[in-house]
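Each value in this text was obtained by applying a stated rule to the coordinates, not by laboratory testing. Predicted model only: the values in this text are computed from it and were never measured. Cβ coordinates were reconstructed from backbone atoms using ideal geometry, including for glycine residues, and neighbour counts include every protein chain displayed.
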Amino acid sequence: MKVCVYGLGHIGLPTALLLAQDHAVVGVDVDPDRVANVREGDLPVSEPGIDELYAEVREDFAVTTEAEPADAHVLVTPTPLEEATDVPDLRAVRSATESVAEVLRPDDLVVLESTVPPGTGEGLVVPILESSGVDAGEFSYAHCPERAIPGRTLVEMIDNHRVVGALDEASLDRALELYTFVEGEIHATDVAAAEFVKLMENTHRDVNIALANEFARMAEELGVDVHEARELANEHPRVDVLRPGPGVGGHCITVDPQFLAQRVGSDRLISLARDVNESMVGHTIRSATDMLGSPPATLTVLGVAYKGDVSDTRRTPALPFVRRAQNAGYDVRVHDPHVESFTVDPESLDEAVADSDCLAIVTDHSEYEDLDPTALAERMATPQLLDSRAVVDDEAWRDAGFVVRVLGDGTC
Ligand code: SAJ
């Protein structure tokens with residue numbers, strides 16, 4: 001079938017390329033530069049295997065800025081929180097849906113993959129589609145939220161089980177014909193339930209990271225190593241404590257719980273969890289400034305991506321960490337082997353650590369596990385380390401002459 005995929009971002013582009021293995025796909029994006037780059041094979045998304053997949057399917061994959069008639073239209077546009085209001089910003093979904101309505105024909109399938117507040121499909125998307133003059137029932141509609149984790153996007157898109165929330169039986173059948181690349185099980189439900197399931201998943205993660213962070217703060221007060229305690233607790237067959245850290249970043253876990261909390265009254269735990277996670281930056285910066293003493297002093301931030309081994313800095317806790325350290329009067333340098341541009345220019349590791357007074361590991365990139373503390377100690381003015389992700393062997397660093405604090409082990 002001919003498929004148009006709207007939004008060539010972190011999820012839309014990989015989805016379009018996977019669909020192009022079995023269908024004739026047109027990727028549609030409102031940004032002409034992005035369209036031109038994708039056309040030339042300069043992909044705006046860096047994920048294992050994506051360049052190879054692009055090379056494999058490029059014959060069946062076109063890109064453009066305008067909606068086209070197609071058998072299936074897949075909407076994968078972003079749904080952030082509007083910065084000024086903190087309210088879900090559905091303008092991209094709305095405008096992509098309006099574009100689809102202009103070319104919609106009876107028997108077409110429309111799929112919304114973007115994560116949306118409860119009720120968006122039947123309250124906003126379907127009525128816009130019906131404004132085309134084609135009625136629901138004549139066209140098919142389904143909500144099929146993605147579940148792929150950045151860094152493993154393609155593998156997870158193929159292997160993970162998926163939920164399809166379909167408007168009716170025909171919509172379900174059409175959606176099953178579309179998602180031929182999915183090797184996981186596909187579970188059918190209705191549209192509202194599928195929207196809720198996606199929000200439950202990311203909210204579950206946020207609340208559980210908050211619990212891990214609260215355990216870390218408690219362990220610090222009690223002089224217990226939370227990392228050892230976590231491993232021991234996770235020996236229990238029904239316990240899975242997540243990892244504490246300097247805060248939760250990315251555009252999903254930080255945003256999606258608020259889609260639920262703002263829509264439904266009974267949101268106390270969800271909002272509290274958000275607050276706990278947001279408070280971790282302040283907690284981590286206090287440990288860093290405690291180590292550094294009064295300015296002037298130089299702090300080197302290792303890692304600005306929102307999590308390990310990715311290049312994405314959206315809503316990263318590193319940004320408020322850097323800003324707060326700068327505002328407190330410290331000279332801040334940043335290093336990240338995965339991130340090319342950031343508000344502070346990245347430098348080589350050697351430059352970033354030269355004469356520094358403290359290293360702060362903010363992102364758990366694999367590269368930081370193998371740093372050589374002896375070589376680093378020689379380059380620094382004061383060999384101090386704040387490890388907010390518990391990635392290094394702290395004893396080895398102490399042996400190399402470092403003063404080390406690890407978030408959650410009783411030393412912070
Ligand atoms: N984090 C911790 N401790 C942990 C796990 C994560 O502090 O134990 C932090 C990370 O460092 C990062 C943030 O949480 O800053 C979010 O990272 P993540 O790996 O938990 O999640 P995302 O945002 O990369 O991807 C999530 C995934 N959702 C779930 O795991 C329920 C992914 O499957 C979704 O597809 C994605 O959101 C999405 O697009 O919704």
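When both bridge partners sit in the chain, DSSP labels roughly 5% of those beta bridges antiparallel. When the chain is treated as a Gaussian network with alpha carbon springs shorter than 10 Å, the biggest mean-square fluctuation among Ala377, Ala24, Ala396 belongs to Ala396. The C-alpha atoms of the chain define a longest principal axis, and helix 268-292 lies at about 30 degrees to it. Please state the shape class of the range 1-148: rounded when a/c is under 1.5, otherwise prolate if a/b exceeds b/c and oblate if not, all from the C-alpha gyration tensor. It is oblate, given that a/c is not under 1.5 and a/b is not larger than b/c.
Compute the angle between helix 318-327 and the longest alpha-carbon principal axis of the chain, please, reported from 0 to 90 degrees and rounded to the nearest 10. Here the helix axis deviates by roughly 50 degrees.
Counting beta carbons within 10 Å around each of Val38, Val155, Val5, Val226 and listing the fewest first gives the order Val155, Val38, Val226, Val5. Each label was represented as a point 7 Å from its Cα along the Cα-to-Cβ direction; for Ala170 and Ala193 these points are 2.2 nm apart.
Here the simple spin-label model places points 7 Å from the Cα toward Cβ, and for Arg263 and Asp159 these points are separated by 3.0 nm. Highest mean packing comes first when the peptides 262-268, 330-336, 382-388 are listed by Cβ atoms within 10 Å, giving 382-388, 330-336, 262-268. Angle check, please: helix 191-222 long axis (alpha carbons) against the longest principal axis of the chain (alpha carbons), in degrees 0 to 90, nearest 10. Computed tilt is about 10 degrees. Under the simplified labelling scheme, the Ser46-Ser271 pair shows an inter-label distance of 4.0 nm, with each label point 7 Å from Cα along Cα→Cβ. For the chain, adding -39500 (n - 2.57) for each run of n ≥ 4 DSSP H residues and dividing by the number of residues yields -11500 deg cm²/dmol at 222 nm.
When the Cα positions of Val339, Cys144, Leu211 are compared along the charge dipole of the chain, Leu211 comes out farthest toward the positive end, with charges on each C-beta of Lys, Arg, Asp and Glu.
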